[in-house]
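Enquirer: One structure, as structure tokens, below. Some questions next.
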Amino acid sequence: MGHIQITPSILNADFARLGEEVARIGSADWVHVDVMDNHFVPNLTFGPTMVEALARSTDVPLDAHLMIEDADNEALAYVEAGCGSVTFHVEAAKAPVRLAREIRAHGARASMALKPATPIDPYEDLLAELDMVLIMTVEPGFGGQKFLDLCLPKIRRARELMDKHGVETWLQVDGGVSLETIERCAEAGADVFVAGSAVYSADDPDRMIGDLRAKAASTR
Ligand code: DX5
Ligand code: ZN
């Protein structure tokens, strides 16, 4: 298991002042950027041009979470926009192995996301191709949803498979992660934690990052 990392999602930040909003989370390990195309999910956020501007505005590396239908053709634009990590959804990717290799070849970390109903077992042999696996703990599309406990066994299973194969793959959880739920995720084996509304609804987002980090660390 890797060290604990907190990757706040800016989905619930004020989009009219994104630069300032990102400046409020300076202690984040990565800034989690939710890219939505209104096809893979029923919501629309931003594209590569905006992500590139965001990358220029901060020293914190960007962790792009692509909730888009055409990941095979559009993912590399986010590497070129300056993202250090690019996550595609396995339900969307037509050729996940090729895509992961392309992302790595262009110099970013390659990551694969699973919606709540998608099992991890069929992808066991892909783990060595991936720098991170993202397990969604809500249905993707919106911030502020309730954490789905039914995803916990899959987090545990993913950690087991990673241990079995001896890979260094990070295990990220995304959706409804808060001071209430982060310990469950950490106990199940997650090491990278997305938190959107929990961070941006706090009076001091940076302090919330520290509190989340401490809660997750308390399970180790
Ligand atoms: C949901 C996004 C998440 C979301 C997290 O589709 O992938 O990153 O913004 O927000 P919270 O933490 O509020 O569930
Ligand atoms: Zn996300």
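Enquirer: Pairs only if they're at least six apart or on different chains, beta carbon under 8 angstrom, first in segment 176-188 and in a loop (DSSP other than H, G, I, E, B), second buried (at least 20 other Cβ atoms within 10 Å of the Cβ) and of a type outside the set (A, V, I, L, M, F, W, C); list them, first residue then second.
Expert: From residues that are in a loop (DSSP other than H, G, I, E, B), the pairs are G176/T137; V177/T137; T181/T137.
Enquirer: So, one more: Looking at V60, V79, which is the one that is away from ligand 1 (no atom under 12 Å from the Cβ), outside any loop (DSSP other than H, G, I, E, B), modelled with pLDDT of 95 or more and open to solvent by less than 40 Å² (accessible area, probe 1.4 Å)?
Expert: So the residue among V60, V79 that is away from ligand 1 (no atom under 12 Å from the Cβ), outside any loop (DSSP other than H, G, I, E, B), modelled with pLDDT of 95 or more and open to solvent by less than 40 Å² (accessible area, probe 1.4 Å) is V79.
Enquirer: Another one. Would you point out the residue of segment 173-197, among those that are out of contact with any Phe, Trp or Tyr (no Cβ under 7 Å at 6 or more places or on another chain) and within 13 Å of ligand 2 (Cβ to nearest atom), that is nearest to D149 (Cα to Cα)?
Expert: D174
Enquirer: Any residue in segment 128-148 that's at positive phi: show its pairings with residues that are in a loop (DSSP other than H, G, I, E, B) at Cβ separation under 7 Å, as long as the two are six or more apart or on different chains.
Expert: Sorted first by the residue in segment 128-148, then by its partner, the pairs are G141/V41; G141/P42; G141/N43.
Enquirer: Here's something else I'd like to know. Mind checking which residues of segment 3-14 are assigned to a loop (DSSP other than H, G, I, E, B) and open to solvent by less than 30 Å² (accessible area, probe 1.4 Å)?
Expert: Matches in segment 3-14: I4, A13.
Enquirer: Mind checking which residues of segment 113-155 are of a type in the set (A, V, I, L, M) and farther than 22 Å from I182 by Cβ?
Expert: Residues satisfying the conditions are A117, L126, L127, A128, L130.
Enquirer: Here's another thing I want to ask about it. Check whether at least one residue in segment 127-144 is in contact with a strand residue (DSSP E or B) (Cβ under 6 Å, 6 or more places away or on another chain), among the small types (G, A, S) and away from ligand 1 (no atom under 12 Å from the Cβ), and report yes or no.
Expert: Looking for residues that are in contact with a strand residue (DSSP E or B) (Cβ under 6 Å, 6 or more places away or on another chain), among the small types (G, A, S) and away from ligand 1 (no atom under 12 Å from the Cβ), one finds none in segment 127-144, hence no.
Quick grid of which residues meet (1) open to solvent by less than 10 Å² (accessible area, probe 1.4 Å); (2) part of a helix (DSSP H, G or I):
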residue: M1; (1), (2): no, no
residue: A16; (1), (2): no, yes
residue: E20; (1), (2): no, yes
residue: F46; (1), (2): no, no
residue: V86; (1), (2): yes, no
residue: E91; (1), (2): no, no
residue: E102; (1), (2): no, yes
residue: G107; (1), (2): no, no
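Enquirer: Give segment 182-196 a look and list any residue that's within 14 Å of ligand 1 (Cβ to nearest atom) and among the hydrophobic types (A, V, I, L, M, F, W, C), or say none.
Expert: I182, C185, A190, V192, F193, V194, A195
Enquirer: Let me ask something else about it. Inside segment 129-150, can you point out the residues that are open to solvent by less than 30 Å² (accessible area, probe 1.4 Å) and either within 14 Å of ligand 2 (Cβ to nearest atom) or of a type in the set (K, R) (or both)?
Expert: Those that are open to solvent by less than 30 Å² (accessible area, probe 1.4 Å) and either within 14 Å of ligand 2 (Cβ to nearest atom) or of a type in the set (K, R) (or both): M132, V133, L134, I135, M136, T137, V138, P140, G141, F147.
Enquirer: Scanning segment 94-119 for residues that are more than 25 Å from G82 (Cβ to Cβ) and in contact with an Asp or Glu (Cβ under 7 Å, 6 or more places away or on another chain), which turns out farthest from ligand 1 (Cβ to nearest atom)?
Expert: Checking each candidate, the answer is K94.
Enquirer: Only one of V199, V167 is open to solvent by 10 Å² or more (accessible area, probe 1.4 Å), among the aliphatic types (A, V, I, L, M) and in contact (Cβ under 8 Å) with a residue 40 or more places away in the chain; which?
Expert: V167
Enquirer: Pull up segment 30-42, narrow it to residues that are touching a residue at least 24 places away in the same chain (Cβ under 8 Å) and open to solvent by 40 Å² or more (accessible area, probe 1.4 Å), then point me to the one that is farthest from F15 (Cα to Cα).
Expert: Among them, the one singled out is H39.
The values are calculated or read from the model by the stated rules, or taken from the named source; none is laboratory data. Predicted model only: the values in this text are computed from it and were never measured. Note that we place each Cβ from the backbone using ideal geometry, even for glycine, and neighbour counts take in every protein chain shown. Surface accessibility is based on the protein's heavy atoms, side chains included, excluding ligands, DNA and RNA. Shrake-Rupley method; radii C 1.70, N 1.55, O 1.52, S 1.80 Å.
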